[in-house]
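Coordinate-derived values only; no laboratory data. As the structure is a computational prediction, the values presented were derived from the model and not from experiment. Because the Cβ atoms are built from the backbone with ideal geometry, glycine has one as well, and the counts that use them run over all protein chains shown.
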Amino acid sequence: MSQNVVRVVVADDQKVVREGIVMLLGLLPGIEVVGSAADGEEAVQLVAQHAPDVVLMDLRMPRVDGVEATRRIRSEHPGTEVVILTTYADDESLFPALQAGARGYLTKDAGGEEIVKAITDVRSGAAGLSPQIQARLLERLSGPGSDDCPVRSGGPGVRSRGGVPAGRADGP
């Protein structure tokens, strides 16, 4: 197996969505799906078993939701990155996921190329954020009340794809 292959676990409670993502990723060079989970509890177990590079994680799932599963994975398996793939792009979904340790965040209208880019970006140490999510972060960081922004107050280092901390004026 090549060192350039990114090993992925897919976690989504909707079977057709999960199977579709697994099928899509399976067709792409450089990606190997090593497991798929129907909830966050199963995702944590699969990470312990397979030590994937990246988990593609839904947020709203039974038993253990995506935020708690992300928190556990990042705490217990720091070598595994998490990219959130969800229907929800609201602040109440986005910020808790980033604070739990997710390095990427996409909505389910993302195409295959965007998903693969986010996976490879987080694997290489960059953030895998969709353009809409980047815009929400910048809006939140620079808007009124930005001093109370959860990302600024102790959340994980949120970085743009260029590696410069979000909100910094000297970035690209």
Open item on the list: Using each residue's phi in the stretch 4-15, evaluate 6.51 cos²θ - 1.76 cosθ + 1.60 at θ = phi - 60° and report the 3J(HN,Hα) Karplus result to the nearest Hz, with x for Gly and Pro.
Closed with: 7, 6, 9, 8, 10, 10, 10, 10, 7, 6, 8, 4
Open item on the list: Can you give me the long-range amide H partners of residue 105? Hydrogens built in the peptide plane at 1.01 Å from N, cutoff under 5 Å, separation of 5 or more residues or another chain.
Closed with: 84, 128, 129, 130
Task: For the stretch 120-128, 3J(HN,Hα) per residue [Karplus equation, 6.51 cos²θ - 1.76 cosθ + 1.60, θ = phi - 60°, Hz, x = Gly/Pro] - done: 6, 4, 5, 5, 8, x, 8, 8, x
Task: Protection proxy ranking, peptides 92-99, 17-24, average beta carbon neighbours within 10 Å, highest first - done: 92-99, 17-24
TODO: Provide the net charge surrounding residue 101, with neighbours chosen by a C-beta distance below 12 Å and charges set as Lys +1, Arg +1, Asp -1, Glu -1.
DONE: +1
Task: Amide H partners (placed H, <5 Å) of residue 80, local residues excluded - done: none
